[in-house]
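The structure appears right after this line, and notes come after that.
The values are calculated or read from the model by the stated rules, or taken from the named source; none is laboratory data. Source: prediction; values computed, not measured. Every residue, glycine as well, gets a Cβ built from its backbone with ideal geometry; the counts of neighbours run over all protein chains shown. Accessible surface areas use protein heavy atoms only, side chains included; no ligands, DNA or RNA. Shrake-Rupley method; radii C 1.70, N 1.55, O 1.52, S 1.80 Å.
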Amino acid sequence: DEGICFTDVDFYYQNSRVAALQDINFCLRKGETKAIIGSTGSGKTTLIQLLMRDFDAYGGQISINGSPVQCTPRRQISETVTVVPQVSFLFSGSVRDNLRIGKADATDDEIWEILEIVQMADHFRASPDGLATHIAQGAVNLSGGQQQRLSIARGLIRDSDYYVFDDCFSALDYATEKRIRTAIQQRLTGKGVLVVAQRVATVQNADEILVLERGCILDSGTHDHLLENSS
């Protein structure tokens, strides 16, 4: 029963007759990387919100490691599943403080290791304050790409069974993104990874890609399979 499983999941927003998600079926097991690709409004974010119980499904069932999410305390869900959001919420304080939101007792060595993965270690080593470097309110002293990388770092430093990357590579150039994704893959061996994205390049190495459009999974398979069979 290990895994995140969506079984016949339907969801409607209040007062809407059109399903935001319809007939969603997939399982993510530990050690697998799956991807969901779809344009804005396809239902990608709704799917993550149902998993984290921001809303409850209208029909069908979502389970994590065999337990239905409706019967699982939200705190337990967020310990088992780490979501790295598209919009980075960094707060005013040091780099160290921001990463310790992910893991309160993280050592400096652990923090540097994670910063290496997201290609930010050199940036802070060059700063006279190192890990004490101050991040301004709203992170205005960092670029969009740097904010995303620190947000990814804060997720990666946590120890969870599953990691969901919600369109959080969108501000990175392709070369940087590729290096970071390769490093993430090595770090998260044995974990379940779900990558949610709009860019094909972001998801092409996934074990399985689900194509989501207007709340329905239109097709699924490897990148090569979809290239051959999907319009």
Quiz item: When you scan region 176-216, how many residues do you find that are aliphatic (A, V, I, L, M) and open to solvent by 50 Å² or more (accessible area, probe 1.4 Å)?
Solution: 1
Practice problem: Just one of (1) crowded, with 20+ Cβ neighbours inside 10 Å; (2) over 16 Å from Leu99 (Cα atoms); (3) aliphatic (A, V, I, L, M) trips up Ile157, so point out which. | Solution: (2)
Quiz item: When you scan region 150-208, how many residues do you find that are touching a residue at least 40 places away in the same chain (Cβ under 8 Å), in a helix (DSSP H, G or I) and in contact with a Phe, Trp or Tyr (Cβ under 6 Å, 6 or more places away or on another chain)?
Solution: 1
Quiz item: So how many residues does region 79-112 have that are open to solvent by less than 40 Å² (accessible area, probe 1.4 Å) and either touching a helix residue (DSSP H, G or I) at 6+ places or on another chain (Cβ under 7 Å) or assigned to a helix (DSSP H, G or I) (or both)?
Solution: 13
Self-check item: Restricting region 28-61 to residues that are closer than 21 Å to Phe169 by Cα and among the hydroxyl-bearing types (Ser, Thr, Tyr), the residue that is surrounded by the fewest Cβ atoms within 10 Å (Cβ to Cβ)
Solution: Thr40
Quiz item: Can Gly31 be described as among the small types (Gly, Ala, Ser), in a strand (DSSP E or B), farther than 16 Å from Ser220 by Cα and touching a residue at least 24 places away in the same chain (Cβ under 8 Å)?
Solution: no
